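Heads up: the structure comes next, in structure tokens.
The values are calculated or read from the model by the stated rules, or taken from the named source; none is laboratory data. Fair warning: this is a prediction, and the values are worked out from it, not measured in the lab. Glycine gets a Cβ as well: all are built from the backbone with ideal geometry, and neighbour counts include every protein chain shown.
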């Protein structure tokens, strides 16, 4: 007679109500430097900008597995953007290299393109192992 062991794995069902991944408003301070063709600082512009961010929690699970090398099946999800939109932002505080505020037309503002999340969802993480912490030579 041999001994037979049976491993039962009961998958857990996670409701979407437990996931709280959403697009949230936030504010960032943005600084953009502009250089001339010789690489010298021409002007610096800045501003406080309202942008969207992804924030929240996603359901993940670890369960025993006889198939995977580690002995565990890991299903990890993270909250991240599902769609990005491009916006044109105007920075209104511009200064010359000496720190003097620029007021003349064409130099007192700077327009830049910015991508921000317009929708966020929980996505499955595909990396099986963490990145090595060894230093590259």
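Structure notes:
- Residue in the stretch 48-58 that is touching a helix residue (DSSP H, G or I) at 6+ places or on another chain (Cβ under 9 Å) and either exposed (fewer than 15 other Cβ atoms within 10 Å of the Cβ) or part of a strand (DSSP E or B) (or both) present: yes
- Residue 88 fulfils the conditions (1) surrounded by 15 or more Cβ atoms within 10 Å (Cβ to Cβ); (2) at pLDDT 95 or above except for a single criterion, (1).
- Residue within the stretch 31-43 that is at pLDDT 95 or above, in contact with a strand residue (DSSP E or B) (Cβ under 7 Å, 6 or more places away or on another chain) and either within 30 Å of residue 120 (Cα to Cα) or assigned to a loop (DSSP other than H, G, I, E, B) (or both) present: yes
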